[in-house]
Amino acid sequence: MFIPHSEEEIKEMLSYLGLKSLEDLFTVIPEELKVKSDEEKIKVLKELAIREELKKLSQENKTISSYISFLGGGIYDHYIPSCIDQLVSRSEFYTAYTPYQPEVSQGTLQAMFEFQSLIGDLFKMDVSTASHYDGATALAEAIYVLKKKGYKNCLISSSLSPFYWEVIKTYFLGQDINFLKIPLKEFITDIFYLEKKAKELENNFFFVFQTPNFFGFLEEVDAISEIVQRYKGKLVVSCDPISLAILKPPGEYGADLATAEGQSLGLYPSFGGPLLGILTSKKEYIRDLPGRICGKTVDKEGKVGYVTVLQTREQHIRREKATSNICTNQQLCALRVTIYLSLMGREGLKKVANFCLQKSYYLYENLLSLPIFEKVSNKPFFKEFTIKSKVPIKELLNKCEKEKIYAGIDLYEITRDESLKDTLLICVTEKRKKEEIDYFVKFLKRSF
Amino acid sequence: MLEKLLKEYSKRGKFNDYLGEIDVEKKDIEKIIPQNLLRKDFEFIEVSEIEVIRHFIRLSNLNYHLDKGIYPLGSCTMKHNPKVNEEVSSYEGFIFLHPLQKEEDIQGALKLMYELIYFLKEISGMDYVSLQPPAGASGELTSMLVIKKYFMDKKEDRKIVLIPDSAHGTNPASVTMAGFICQTIKSNSEGMVDLDDLKKNLSEQVACLMITNPNTLGIFEKNIKIIIEELHRYGALVYLDGANLNAYCGIHRPGDVGVDIMHFNLHKTFSTPHGGGGPGAGPVGAKSFLVPYLPNPKIEKEGERYYFKYDKESIGKTASFYGNFNVFIKAYTYLRMNGIKGLKKMSQIAVLNANYLRKRLEEIGFSCEYKTSTLHEFVLTLKDFKRKDIRALDIAKRLLDYDCHAPTIYFPLIVPEAFMIEPTETEPKEELDRFISVMKKIKEEIEENPNLVKEAPHNTPVKRLDEGKAGRELVVKWD
Ligand SMILES: Cc1ncc(COP(=O)(O)O)c(C=O)c1O
């Protein structure tokens, strides 16, 4: 399908090449290396039928849009303004390649520059790259930056997403780097333990943490930063960009590298992909950063334009000495985020963040008023919290599901950590209505 | 400036209220969160919806794109992106799926992935495919890690990865990231792996060879079988960079010749759009002895039920969840519309287009560094024009003036002034002929008025941009 030639043209082109058949084009492949069987292994459907087929397949899924969903854990159901789908469906954006010819790619490049600028403003960081695959790989790449600068000891908070931790372990399989997990106290990093380790490893360590952390709670960024600076380490954070409209941004507490999953900013949950890795840093790291970065310049008549800069860091030039292997990144996702941030603007972002905060506290307090739940921590959270259930989690989740409610994530199920037995991770975004939250609470009250 | 920066539209007080009033009782933020965790000042843009829309529409007008005309970037397979892909991948039942829903609730998604895996297995001759890597380079890294773990478990200390000098830059970069050491293998005068040089570099220290076939010159490695046997004789493995799969779907299967592990680029061979630089997808296929090492989870089927399977030997994960699912839907749709027979025709026409273009360009005086026959792409050398002080870059820029996207330039590195052309099967003959006449015109211009080419482009939104200045000043965000 999608071959634009008439049979006549094919014949004409073959005859121009002095060939009889299309098969003759492949004489360079030794005969014994060719596929013998002509059996069709795929049940072919054309456009008329494929739409129906895919519609049916999509309906074999239950969606978070047809449930009252409190699922989070790294992928969030935030509101997406209608403008975004309309604008990114312009084929000028989505059918272009990576901007290798800047003179005819100013649309993509300027959007890239604006993405970097908006992320820089949101994070209060000097430099942002153009994009990475997801929050997990952006964080792994940030660790790689410091490893290459000679830092061998990576302290990691145990409150980091277990999904990110899996990716980090994989990226550094069998490599010369020591990972040391810092335990938690009240579901946030144990500051005293961190201090002890930082002191032991003075001058040659960096600390990696997430805030709001995987359990939803806010880490004590000032205390962490103070310890890291006192013992001359480096600081790497993974944060929720939506939270930064009201929470202290990484640039204000001295993060060397700050990363994030950008899905919250206008991307659909989409079964966990495509996502958007955000990677920012202090200016001094700009030459060590992985991946594409867009910079401003002028053309030969002095007109402002944009190009990718510091290409000598990248694989196509530096090859085995490149700062990373990344080539294709997630540009269209970054474009979505750029449009999202522009539409929401200063007030809109604050509003989203505040809605998340207010609604999650509203649910939290209502749940705590039920006898089946108890607190696990007194620390503040942002849009997600962990809570302990006195009834078996499986039973609770199943009952809720029958009522078309996704009550949350069974933390033991995904971590296999005994200390997390019967804990539930619950997320409330701006999309959850009060009546849905009340319905959920009433249902639990009735059922247990 | 062509279009203002977003920031220049910003005025305090502009606000698009998408959320309306809050419906729960509001608390004082300061009462919930301690002062020292709060943001003090939040300076951010404020732009109205209509201005945002106009801004991005104006930006879109500055892009050249595939829906406008030929995009012959070699190694990138810029083929038509069917519109039905975009439609079906936006169905609510796909985009509102959360990765942590129960298996019972996501059977449609698992089924789609399971079947896509099956299609890719059939096309490649591999035993299983992990869809997880989000791009080609990630597929390479994943493959290197699989090989690393395999040898770690076998307690064999192998540090070296062999890479032909024609390889794509992501290959050596992935090798280093995985903690291996690169060793380059020379190409021979036919533009293929030099067997003698390969043998010289083979030892029990070698973990694998990374090979691209057809290679980046568009040339099929006719000794592929012998090459693989050589590697295997030393207990080393063979990884195939599948970026060039568009050359032989339904005609040749890498798995059948003994390739142990390979990656696919769904955003090349299987028509999913490039998005101006992603998202793509770079699934990895492996032979059965390597399958347990592939990323977790795998997708299996029992009766009519699909489920996730975790292997303890696995390298772990190379993405947060299951990969770029939305891209899978597009590739799946394309494969269902084509079938293996359709893919065969696809490759045949891709090779027909490339050969037609090559011969016509050679007839008007352009030439390839290597004379060997090529499949879906070919690489011209433009070194002859240096006598007029014209470089590949200049000719690329002049093409833009004639509403053609330029081919890939300066890659592969073994061709001086390389001009790598891949038309793909979806370029109509008329468009190829237009491209040929433009190339002919530029050739004449070089003889008659080389400055016209040297100074190109002339008709694009901006003229040639000062990359030196951009690199020196490093303005990478607005003030
Ligand atoms: C031969 C080859 N290998 C690997 C890659 C890397 O693929 P990706 O850009 O999807 O990471 C490319 C892409 O340009 C390529 O042409």
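Of all residues in segment A:296-320, those being at the interface with chain B (Cβ under 7 Å from one of its Cβ atoms), away from the ligand (no atom under 16 Å from the Cβ) and of a type outside the set (Ser, Thr, Tyr) number 11. Candidates B:Ala281, B:Ala236, B:Ala247, B:Ala286: the one that is touching a strand residue (DSSP E or B) at 6+ places or on another chain (Cβ under 9 Å), within 12 Å of the ligand (Cβ to nearest atom) and not assigned by TED's automatic domain parsing to the domain that holds B:Thr372 is B:Ala281. Just one of the numbered conditions (1) part of a helix (DSSP H, G or I); (2) facing another protein chain (nearest Cβ under 9 Å); (3) touching a Pro at 6+ places or on another chain (Cβ under 8 Å) is not true of A:Asp77: (1).
Please verify whether segment B:371-394 includes one or more residues that are open to solvent by 10 Å² or more (accessible area, probe 1.4 Å), of a type in the set (S, T, N, Q) and either closer than 27 Å to B:Pro279 by Cα or assigned by TED's automatic domain parsing to the domain that holds B:Glu122 (or both). Within segment B:371-394, not a single residue is open to solvent by 10 Å² or more (accessible area, probe 1.4 Å), of a type in the set (S, T, N, Q) and either closer than 27 Å to B:Pro279 by Cα or assigned by TED's automatic domain parsing to the domain that holds B:Glu122 (or both).
Please determine whether any residue of segment A:411-420 is in contact with a Lys or Arg (Cβ under 7 Å, 6 or more places away or on another chain) and not in a helix (DSSP H, G or I). So far as segment A:411-420 goes, no, none of its residues is in contact with a Lys or Arg (Cβ under 7 Å, 6 or more places away or on another chain) and not in a helix (DSSP H, G or I). The number of residues in segment B:171-209 that are touching a residue at least 60 places away in the same chain (Cβ under 8 Å) and either buried (at least 21 other Cβ atoms within 10 Å of the Cβ) or of a type in the set (Gly, Ala, Ser) (or both) comes to 7. Tell me yes or no: at least one residue of segment B:50-71 is farther than 30 Å from B:Asp433 by Cβ, open to solvent by less than 50 Å² (accessible area, probe 1.4 Å) and assigned to a loop (DSSP other than H, G, I, E, B). No, the conditions are met nowhere in segment B:50-71.
Taking the criterion of being in contact with a Pro (Cβ under 8 Å, 6 or more places away or on another chain), open to solvent by less than 20 Å² (accessible area, probe 1.4 Å) and within 16 Å of the ligand (Cβ to nearest atom), would at least one residue in segment B:328-349 satisfy it?
No; the residues of segment B:328-349 include none that is in contact with a Pro (Cβ under 8 Å, 6 or more places away or on another chain), open to solvent by less than 20 Å² (accessible area, probe 1.4 Å) and within 16 Å of the ligand (Cβ to nearest atom).
If you go through segment A:377-386 and keep only what is touching a Phe, Trp or Tyr at 6+ places or on another chain (Cβ under 6 Å) and in a loop (DSSP other than H, G, I, E, B), you end up with A:Ser377, A:Lys379. Listed by first and then second residue, the pairs with beta-carbon distance under 9 Å, at least 6 apart or on different chains, first residue in segment A:316-336 and in contact (Cβ under 8 Å) with a residue 60 or more places away in the chain, second open to solvent by 30 Å² or more (accessible area, probe 1.4 Å) and within 11 Å of the ligand (Cβ to nearest atom), are A:Cys327/A:His316; A:Cys327/B:His168.
Within segment B:134-155, the residues that satisfy the criterion of being more than 22 Å from B:Glu230 (Cβ to Cβ) and not in a helix (DSSP H, G or I) are B:Pro134, B:Ala135, B:Lys155.
Kindly evaluate B:Ile315 against the criterion of being away from the ligand (no atom under 16 Å from the Cβ) and assigned to a helix (DSSP H, G or I). Against the criterion (away from the ligand (no atom under 16 Å from the Cβ) and assigned to a helix (DSSP H, G or I)), B:Ile315 does not qualify. Within the option set A:Tyr364, A:Tyr340, A:Tyr406, being within 24 Å of A:Met112 (Cα to Cα) and either open to solvent by 30 Å² or more (accessible area, probe 1.4 Å) or not basic (Lys, Arg) (or both) holds for one residue only, A:Tyr340. B:Leu110 fulfils the conditions (1) more than 16 Å from the ligand (Cβ to nearest atom); (2) touching a strand residue (DSSP E or B) at 6+ places or on another chain (Cβ under 6 Å); (3) facing chain A (nearest Cβ under 7 Å); (4) of a type in the set (A, V, I, L, M) except for a single criterion, (3).
Only a single item in (1) touching a Leu at 6+ places or on another chain (Cβ under 7 Å); (2) more than 7 Å from chain A (Cβ to nearest Cβ); (3) away from the ligand (no atom under 13 Å from the Cβ) is not met by B:Thr269, and it is number (3). Taking the conditions (1) closer than 21 Å to B:Leu413 by Cβ; (2) within 16 Å of the ligand (Cβ to nearest atom); (3) surrounded by 23 or more Cβ atoms within 10 Å (Cβ to Cβ) in turn, B:Ser138 satisfies each one other than (1).
May I ask you to list the residues in segment B:252-263 that are more than 10 Å from the ligand (Cβ to nearest atom) and either open to solvent by 10 Å² or more (accessible area, probe 1.4 Å) or of a type outside the set (A, V, I, L, M) (or both)? I'd like the intermediate steps shown before the answer.
Initially, segment B:252-263 is screened for residues more than 10 Å from the ligand (Cβ to nearest atom), giving B:252-262.
Listed by number, the residues that qualify are B:His252, B:Arg253, B:Pro254, B:Gly255, B:Asp256, B:Val257, B:Gly258, B:Asp260.
Any chance segment A:114-126 includes a residue that's of a type in the set (D, E, K, R), out of contact with any helix residue (DSSP H, G or I) (no Cβ under 7 Å at 6 or more places or on another chain), outside any loop (DSSP other than H, G, I, E, B) and at the interface with chain B (Cβ under 7 Å from one of its Cβ atoms)? Within segment A:114-126, one or more residues are of a type in the set (D, E, K, R), out of contact with any helix residue (DSSP H, G or I) (no Cβ under 7 Å at 6 or more places or on another chain), outside any loop (DSSP other than H, G, I, E, B) and at the interface with chain B (Cβ under 7 Å from one of its Cβ atoms).
The values are calculated or read from the model by the stated rules, or taken from the named source; none is laboratory data. Keep in mind that this is a model prediction, so the values were computed, not measured. Cβ coordinates were reconstructed from backbone atoms using ideal geometry, including for glycine residues, and neighbour counts include every protein chain displayed. These area figures cover heavy atoms from the full protein model, side chains too; ligands, DNA and RNA do not enter into them. Shrake-Rupley method; radii C 1.70, N 1.55, O 1.52, S 1.80 Å.
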